[in-house]
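Undergrad: First the structure, then my questions, so here it is.
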Amino acid sequence: EQDAQDRNYLARDYNGLGICCYNLHDFHQALNYYDSALHYADDSLLRANILNNKGNAAKELKSYALALASYDSALKITANSGATYARILTNKAITKWLRDPAYNAAPELWQSLNIRIHENDVAGENSSYVHLSEFFVKSHPDSAIWYAQKMRIMAGVLHNPDEQLNALGK
């Protein structure tokens, strides 16, 4: 626990356990592991990723205040740039929208998309199209279809047939 390098290994291990629990839909246990990971995480980018993961688990539990606080802490670390910032900003916008369906998440989702395009983050770009399609499905169905078509194109670039089917379903 005292060695700096070992602390980050412990943080990564606890984060990995949190991801496993998250994937098993054991979100409470995932939060416990993410908290343990944060205790050891000295690397700022690792810390931001763990905080993002913690926010995702809290969001699944509908603990929106905890999720938003985690995302805000992570966004401060990532300093308004890069693919990691875009991913966290997207998660924050979606959480705000889930908490309040009247919330206009579009500006933050577009900002994330633009960062991802600039960073040449193709997988992230695809994710942005997914979220934009979901956001616009009720208010602007034509826009939702347009983003689903963009999603299908990106899924082809990624050679991801599951995402292609998802896009066609939208």
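The values are calculated or read from the model by the stated rules, or taken from the named source; none is laboratory data. These numbers come from a predicted model, not from an experiment. FYI the Cβ positions are ideal-geometry reconstructions off the backbone, even for glycines, and counts take in every protein chain you see. Calculation scope for accessible area: heavy atoms of the full protein, side chains included, ligands and nucleic acids excluded. Shrake-Rupley method; radii C 1.70, N 1.55, O 1.52, S 1.80 Å.
Undergrad: Going by the structure shown, is Leu113 closer than 21 Å to Asn160 by Cα and open to solvent by less than 60 Å² (accessible area, probe 1.4 Å)?
TA: In short, yes.
Undergrad: Among the residues of the stretch 101-108, is there at least one that is in contact with an Asp or Glu (Cβ under 9 Å, 6 or more places away or on another chain) and under 30 Å from Ala79 (Cβ atoms)?
TA: no
Undergrad: Separate question: Among the residues of the stretch 126-138, write down those that are open to solvent by 30 Å² or more (accessible area, probe 1.4 Å) and either touching a helix residue (DSSP H, G or I) at 6+ places or on another chain (Cβ under 6 Å) or over 16 Å from Trp110 (Cα atoms) (or both).
TA: Result: His131, Val137, Lys138.
Undergrad: Does Ile50 meet the test of being modelled with pLDDT of 95 or more, β-branched (Val, Ile, Thr) and within 21 Å of Leu17 (Cβ to Cβ)?
TA: When the stated conditions are applied, Ile50 passes them.
Undergrad: Among the residues of the stretch 49-104, write down those that are of a type in the set (S, T, N, Q) and in contact (Cβ under 8 Å) with a residue 40 or more places away in the chain.
TA: Thr90, Thr95
Undergrad: For residues that are surrounded by fewer than 18 Cβ atoms within 10 Å (Cβ to Cβ) and not in a loop (DSSP other than H, G, I, E, B), scanning just the stretch 37-47, find the one that is modelled with the highest pLDDT.
TA: So the residue we want is His39.
Undergrad: Another question, then. Specify the residue that is least open to solvent (accessible area, probe 1.4 Å); the eligible residues are those in the stretch 14-27 that are closer than 15 Å to Leu51 by Cα and in contact with a helix residue (DSSP H, G or I) (Cβ under 8 Å, 6 or more places away or on another chain).
TA: My answer is Gly18.
Undergrad: Also, I was wondering about something else. What is the one condition in (1) open to solvent by less than 60 Å² (accessible area, probe 1.4 Å); (2) small (Gly, Ala, Ser); (3) modelled with pLDDT of 95 or more that Gly156 does not satisfy?
TA: Of the numbered conditions (1) open to solvent by less than 60 Å² (accessible area, probe 1.4 Å); (2) small (Gly, Ala, Ser); (3) modelled with pLDDT of 95 or more, the odd one out for Gly156 is (3).
Undergrad: Which residues, counting only those in the stretch 49-75, are open to solvent by 20 Å² or more (accessible area, probe 1.4 Å), within 22 Å of Pro101 (Cα to Cα) and either over 13 Å from the mean Cα position of the chain (by Cα) or hydroxyl-bearing (Ser, Thr, Tyr) (or both)?
TA: Those that are open to solvent by 20 Å² or more (accessible area, probe 1.4 Å), within 22 Å of Pro101 (Cα to Cα) and either over 13 Å from the mean Cα position of the chain (by Cα) or hydroxyl-bearing (Ser, Thr, Tyr) (or both): Leu61, Lys62, Ser63, Tyr64, Ala65, Leu66, Ala69.
Undergrad: Also, I was wondering about something else. Kindly indicate the residue of the stretch 86-105 that is touching a helix residue (DSSP H, G or I) at 6+ places or on another chain (Cβ under 7 Å) and assigned to a loop (DSSP other than H, G, I, E, B) and also surrounded by the fewest Cβ atoms within 10 Å (Cβ to Cβ) among those meeting that condition.
TA: Tyr103
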